[in-house]
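See below for the structure under consideration.
Throughout, read-outs are computed from the coordinates displayed, never taken from laboratory work. As the structure is a computational prediction, the values presented were derived from the model and not from experiment. Every residue, glycine among them, receives a Cβ derived from its backbone with ideal geometry; neighbour counts consider all protein chains shown.
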């Protein structure tokens, strides 16, 4: 299975919506952790739930965190939490949302000097 992702650094990448079926490929690609930034239900009933993805990630040996962030409404608290996750989760880390853009904005906000 092809895994669509965009590396932003050697230890961090972003991806569009992933599902449980992608978690083994995430692990095989060398990632050690996943951050889910898309809120459950944002894409309707066809969107996999965070619980489904988290169970598959754990089965694949990945660390995983669910940090839902509303598109277009990122808060300072969201940035602080994302920074904490980047500093504590085993790297490399893959974060996903609907398109990867939200995760990219979070990453840049969390890592600016």
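In terms of its Cα atoms, the chain spans 36, 32, 20 Å along the principal axes, sorted from long to short. Computed over the chain, the per-residue total of -39500 (n - 2.57) for DSSP H runs of n ≥ 4 gives a 222 nm mean residue ellipticity of -10500 deg cm²/dmol, rounded to 500.
Between residue 2 and residue 108, the contour length at 0.36 nm per residue exceeds the alpha carbon distance by 35.6 nm.
Comparing 88, 49, 11 in a Gaussian network model of the chain, where Cα atoms under 10 Å apart are tied by springs, the biggest mean-square fluctuation is seen for 88.
One decimal place: the segment residue 70-residue 49 gains 6.0 nm when fully extended, by the rule 0.36 nm per residue minus the C-alpha distance.
Taking label positions 7 Å along the Cα-Cβ direction at both residue 10 and residue 99, the computed distance is 3.1 nm, reported to one decimal.
Stretching the chain fully between residue 91 and residue 32 yields a gain of 20.7 nm (0.36 nm per residue, less the alpha carbon separation). Using C-alpha pairs under 8 Å with a sequence gap of at least 6, the mean separation divided by the residue count of segment 6-111 gives a relative contact order of 41 percent.
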